[in-house]
Amino acid sequence: MPDQSRRWLLTAGALGAGTVVAGCSTRSGAHTGREPRTFVIVHGSNGNGAAYTTLQTALVLAGHRAVAVDLPGHGPAARFPLSYQAPQDLARLANEPSPLAKVRLADNVEHVAGVVRRVAEYGPVVLVGHSLGGATITRVANEIPHLIARLVYLTAFCCVQLRSVLDCLLTPEVGESFGSAIPGLGDPQKTGVTRVNWRSADPEFLAAAKTTFAEDYDDDTFRSALNILEPDESVAVGTDDARGNPSTWGRIPRSYIRCSRDRLLPLALQDRMIREADAATPGNRFDVHTLDAPHFGPADPQPIADILLSITNR
């Protein structure tokens, strides 16, 4: 297997579930009477919309609308084979076929663009992408820039000079990403997906996953996060062209929320993507915010909500 493919396959299955939290301190009074926004939130790899419930609640209680999208093959459409249940049959699971093998980045883009078109009828749309979800929101912005009031990347991939998520992961800025410590099941070149056994009770796996995604979470909150994750993610989504077009994507106001303790998308990579995007559209640069948080984001998503609300209330 080529080194590039191996690097992607080691890392892709760990490319960002949702901002999974135990609770949320919803503070009212953030809405200032401006027209309500609709926040459309796009999850990362192995994730689903359910991971953002408390973030949605914080935004709604502040007077806005929020919808967390389930990408094709995720959420209610996710497949959990019998071999993934307990007792597990890992040998069988490694070779289970997956409907996600056929999903391309274009399928995600078509789905999210359809959601944006529908909700845009009710007011301005803020499109938020977390981790791998950044690839989807960039391509959506290429297609329907006139329907998006702002793009927000939450420690997410933003490809402009680099062609794909895989290309981002091959940069020197990644270094020794902890994502490579997350073991996968099966051969992604045969199954078309990266597959991770999130239900593993192996202490080494749990320690590596916690370090990678949520090192400051308590154990109960961390395990709650893992129980929302789905086993499969399409390989193609990370290898397809995810670049933003300066003439379309590049004219939309955009914000980047950096997570300074992200062990999967290191801060150096986040900053490189910000620099390359700003160089492509010097007249429309990222509005940058920083959270002292790991890849999953803070255990309480209120700081994320506060940033989103501050952007909205300008």
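Tabulated data for the structure shown
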read-out	value
Nitroxide proxy distance, nm - points 7 Å out along Cα→Cβ at TYR122 and LEU170	4.3 nm
For ARG275, net neighbour charge (Lys/Arg +1, Asp/Glu -1) across residues whose Cβ lies under 11 Å away	-2
Sites GLN161 and ARG92 - FRET efficiency at Förster radius 45 Å, r taken between beta-carbons, to 0.05	0.60
Heavy-atom surface of the stretch 118-228, accessible at 1.4 Å and reported per residue (Å²)	38 Å²
Cα centre as origin, Lys/Arg/Asp/Glu Cβ charges: the chain dipole, Debye	860 debye
Test item: Cα-centred dipole of the stretch 48-166, Lys/Arg +1 and Asp/Glu -1 on Cβ, debye	160 debye
Dipole of the chain [Lys/Arg +1, Asp/Glu -1 at C-beta], most positive-end residue of VAL126, THR138, THR248	THR248
Simple spin-label estimate for ASP220 and VAL60 in nanometres, 7 Å along Cα-Cβ	2.5 nm
Gain in span if fully extended, ASN284 to GLU204, counting 0.36 nm per residue against the direct Cα distance	24.4 nm
Net charge contributed by nearby residues that have their C-beta within less than 10 Å of VAL196 (K/R +1, D/E -1)	-1
Accessible surface of the chain [probe 1.4 Å, protein heavy atoms]: carbon and sulfur percent	51 percent
Net charge contributed by nearby residues that have their C-beta within less than 14 Å of PRO99 (K/R +1, D/E -1)	-2
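The values are calculated or read from the model by the stated rules, or taken from the named source; none is laboratory data. Just so it is clear, the model here is predicted, and its values are computed rather than measured. Glycine also receives a Cβ, built like all others from the backbone with ideal geometry; neighbour counts cover every protein chain displayed. Heavy atoms of the whole protein, side chains included, go into the accessibility calculation; ligands, DNA and RNA do not. Shrake-Rupley method; radii C 1.70, N 1.55, O 1.52, S 1.80 Å.
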